[in-house]
Structure formats: structure tokens, C-alpha cells
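Below is one structure; the comments refer to it alone.
The values are calculated or read from the model by the stated rules, or taken from the named source; none is laboratory data. Just so it is clear, the model here is predicted, and its values are computed rather than measured. Neighbour counts are summed over all protein chains in view; Cβ atoms, including those assigned to glycine, are modelled from backbone coordinates with ideal geometry.
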Amino acid sequence: MPYTRCIYPLTINRYTSRANNELRSNTIMSCIAPLSSILTQYLIAISIVLLSFSGHADILLGTSNAQKGPSAKLGQDLNLGAEMYFDVVNQQGGIHGHNIYLLKLDDGYEPLNTVHNTKLLLEHNIVGLFNYVGTPNSKAVLPLIKRVGQLLITPFTGADILRNAPIADVFNLRASYEQEAFAQIDYLVEILDLDTFGMVIQADAFGLALEKYYRAALKNKGHKPLVSIRYRRNTIDIDKAAKQLREANVKAVLFVGTYEPLIALIDRGKSVQFMPIYSSVSFVSSQTLFNRLSVTDSRDVRVIVTEVVPSPLTCQQKICSQFREHATHNKLENPNHVHFEGYLNAVYVSEALKSCSPPVTRACLKETLEGFRTQDPETRGQVVSDVLQLMGQVHISARNP
């Protein structure tokens, strides 16, 4: 009985009155334990029944990501950004008169939980799986979605397992981890003139993917890591890593994981006067990380994070201004890159859904998303082209570079 984590929440936000845009939150709190799968199925069914009160069929997307635990901030912010845009779409009449909603389940960033949640979601009338978080989590559901022909749309991962051999039912939007790793090493070597490196790698498919690309990027610059240390996912078990990094006296630490263990590693290094520059990919929320460091005694720590979207606070494209306007309207405090990525993912899938004649089907959604991959900008439209341009590049966020 492997599943013992709670799922909080299964939440549906819906507009109950189009005339005055009254927002009512229909929230189902559920907890999956070894004997509660039937209960969770029942709760999902109730949430779908609640949606049917609007008198017309709604468009449902299913998502399983971390909403509690050490990696919760990623799932929460990604969902919040997406739902902020879906709410705008629904206020404006929805997709051909049909509202769009997320069925959300928490997997705690554990792949077995992701598979369990996905099986539950697939038993309901969803048009696609959306905003899954993590390489091991996305990898774990690939056999399942291939078998049933479901869509996996905008997963929050840049791993090659979802890219090198194109999978018909997976639709990536963000830049790859290969792009991020090479951009990081180029910045560290060419801009900061660093020449000794250590790696701290999460021990799973995510860590393996980045380790391969870091080694290739370093080799391209005539370097290799002095040490490479692994630690267990969803822990801050980094004592061994901190000790070996200090003994090797590296100037830069290439970190693969979430922000909680990275903060623990930084704190441990600072406690023994070990102050390299720390570098990580977009799976670490840079603004969350920088904010945490700013309220501790780690203000002088040097950190860079590669991003797959530009800063939502300073970018100049029309869709950036639109995001800031909607964030202000929703009283979203401290909008960050992950909010913005979730928002752009929602814009992308909404534009695809709008291209389908009602009733929207999975087959039409798939055909439209496939077209977005190959069409010229004029054919796919300005909005989708803007999203693809924003998310096809790598950006650097630096603190005390």
C-alpha cells in the first residue's frame, strides 16, 4: 500500500453568475490513504457534478503536482498562474460558451503518487493532463498516457526523455534542460571567469538528466566537475555534499533540485565560511529563493538561476503587461517566474481549445497543438507566437553575481 500522502486540495473555482462575475469556490478537501481511493473518486465525481450546475458542459483539464511538502511552492504557483488566466477566459464567456477548469490533485513530488492520481483523473472526462511538475513524475506516467492516448500538455520539466524522441501525445512548451545547462556554464565560465566546479545532484531522473548536460557543457569549455554528490529527493540531506564541496574548494556549485535543499546547502556552507557561487536551473523558483535568502544572514551569498521565461515584472511584450494587469486585479503578491509560466501555459492551451469547434474533443485539441509545432507565425496567430517566443529562450536571474 504505497500511497499514504494526503491530497490537498481538490479545488474547482467557478463563476456561478456570468452577469456579475461572482466567483464561488467549490472546494473538496480529500486525503488519499491506502483505503481511500474510492472516497477520492467520489469526491472528484462530486466536484464534476457541482460544475454541471451551470447547465452546460465544462472543459476539464487534470493536473497532478506538488501542492504540499518541500516542493509545494512550484505546484501552487504554477496552478495559481494558470487559473488566473482561465478565470479571465471564463469571465469573458469561456471557450465557445463552456468554462474551463482544473481538477487538481497533490502528489507531493513523488512519482508513485503521480501515477495513482493520473489513474483517478483518467476515469473522468478530461481533455488533457496539464502542468505536471517534475521529470521523474512525468516519466512515470508516460506508459499510462501512451496506452490510453491521453495528452500531457506543458509539463514543468526540460528533460530529454520527453523531447529527443518526440512523443505524439506530449506537448512541451518550456526550453530544455540542455539549453539551461549550457547557458549556465557559458555564464559561469565566460562572464564570471570561474574554473572549478562541483555538482550536487538529486538522485532521480531529473538529476541524471542535468548531470549529463552539465558534464557536456563543462567539457565544451575544457572543464570537468571536481566532485559530484547525490542526495535523496524531498529531503535536505546535504551534509555529505557540503563537506565534500568544501574539501574540494570549488568556486561554483551546480545544484539540481528544489529550493529547500539548496537553501540548506547554502546555510551549511556559510556556517563554515565556505562561500562559492551557487547555480541552478528553473526548477528552483529564483524569486522564492532570493526572498528567503534576503531575510536571513545570507544576503551576501552569490546565486544564479536560469529561467525559461523572462521576468514578469520587467518584460515588455503585450502578454507581459496583460499578466501584470491580471496579477494586480487578483491581488497576487510578488508575481514570480513560475506564476508567469503557469499563466503562459494556460494561454497556450486556451488558444488551442478556441480553435476547436464545440464540443471540444481530445482529438481536436491534439491536432491543434500539433499544428502549433509546425505552423508559421501568421497561421498560428500572434498570441501563440508570442508565447512560443517568450518560452523558447533561456534567461539568467542573478543575485550578487
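Which residue is surrounded by the most Cβ atoms within 10 Å (Cβ to Cβ), if the candidates are limited to segment 232-289 and must be among the small types (Gly, Ala, Ser) and touching a strand residue (DSSP E or B) at 6+ places or on another chain (Cβ under 7 Å)?
Start the filter on segment 232-289 by keeping residues that are among the small types (Gly, Ala, Ser), which leaves 241-242, 248, 252, 257, 264, 269, 271, 279-280, 282, 285-286.
Subsequent filtering for residues that are touching a strand residue (DSSP E or B) at 6+ places or on another chain (Cβ under 7 Å) retains 241, 248, 252, 257, 279-280, 282, 286.
Working: Ala241: 25, Ala248: 16, Ala252: 24, Gly257: 29, Ser279: 27, Ser280: 24, Ser282: 25, Ser286: 24.
Looking at the filtered set, the residue picked out is Gly257.
Test Lys219 against the stated conditions and say whether it is outside the structural domain of Val250 (by TED's automatic domain parsing) and of a type in the set (D, E, K, R). Walk me through how you get there before you give the answer.
Numbers: outside the structural domain of Val250 (by TED's automatic domain parsing): no; of a type in the set (D, E, K, R): yes.
Considered against the rule, which asks whether it is outside the structural domain of Val250 (by TED's automatic domain parsing) and of a type in the set (D, E, K, R), Lys219 comes out as no.
Could you list, in sequence order, the residues of segment 197-228 that are closer than 30 Å to Pro70 by Cα and polar (S, T, N, Q)?
Selection gives Gln202, Ser228.
Before we move on, is Val338 assigned by TED's automatic domain parsing to the domain that holds Pro70, modelled with pLDDT of 95 or more, at negative phi and in contact with a strand residue (DSSP E or B) (Cβ under 6 Å, 6 or more places away or on another chain)? Please lay out each step first, then the result.
Details: assigned by TED's automatic domain parsing to the domain that holds Pro70: yes; modelled with pLDDT of 95 or more: yes; at negative phi: yes; in contact with a strand residue (DSSP E or B) (Cβ under 6 Å, 6 or more places away or on another chain): no.
No.
For the structure I just gave you, tell me whether Arg215 is buried (at least 16 other Cβ atoms within 10 Å of the Cβ) and outside any helix (DSSP H, G or I). Can you show your working first?
On the way: buried (at least 16 other Cβ atoms within 10 Å of the Cβ): yes; outside any helix (DSSP H, G or I): no.
For Arg215, the condition - buried (at least 16 other Cβ atoms within 10 Å of the Cβ) and outside any helix (DSSP H, G or I) - is not met.
If Phe156 meets every condition in (1) touching a strand residue (DSSP E or B) at 6+ places or on another chain (Cβ under 6 Å); (2) of a type outside the set (Val, Ile, Thr); (3) at positive phi apart from one, which number is that one?
(3)
Do we find that Arg324 is outside the structural domain of Ile59 (by TED's automatic domain parsing), among the basic types (Lys, Arg) and out of contact with any His (no Cβ under 8 Å at 6 or more places or on another chain) in this structure?
Considered against the rule, which asks whether it is outside the structural domain of Ile59 (by TED's automatic domain parsing), among the basic types (Lys, Arg) and out of contact with any His (no Cβ under 8 Å at 6 or more places or on another chain), Arg324 comes out as no.
Which of (1) in contact with an Asp or Glu (Cβ under 8 Å, 6 or more places away or on another chain); (2) at pLDDT 90 or above is the odd one out, the single condition Ala327 does not satisfy?
Of (1) in contact with an Asp or Glu (Cβ under 8 Å, 6 or more places away or on another chain); (2) at pLDDT 90 or above, only one is false for Ala327: (1).
Yes/no matrix, rows are residues, columns are (1) within 26 Å of Val256 (Cβ to Cβ); (2) more than 22 Å from the chain's Cα centre (by Cα); (3) in a helix (DSSP H, G or I):
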position: Cys320; (1), (2), (3): no, no, yes
position: Lys331; (1), (2), (3): no, no, no
position: Phe340; (1), (2), (3): yes, no, yes
position: Tyr343; (1), (2), (3): yes, no, yes
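Restricting attention to segment 245-299, and to residues there that are within 19 Å of Ala72 (Cβ to Cβ) and among the charged types (D, E, K, R), which single residue is modelled with the highest pLDDT?
Once the filter is applied, the top-ranked residue is Glu260.
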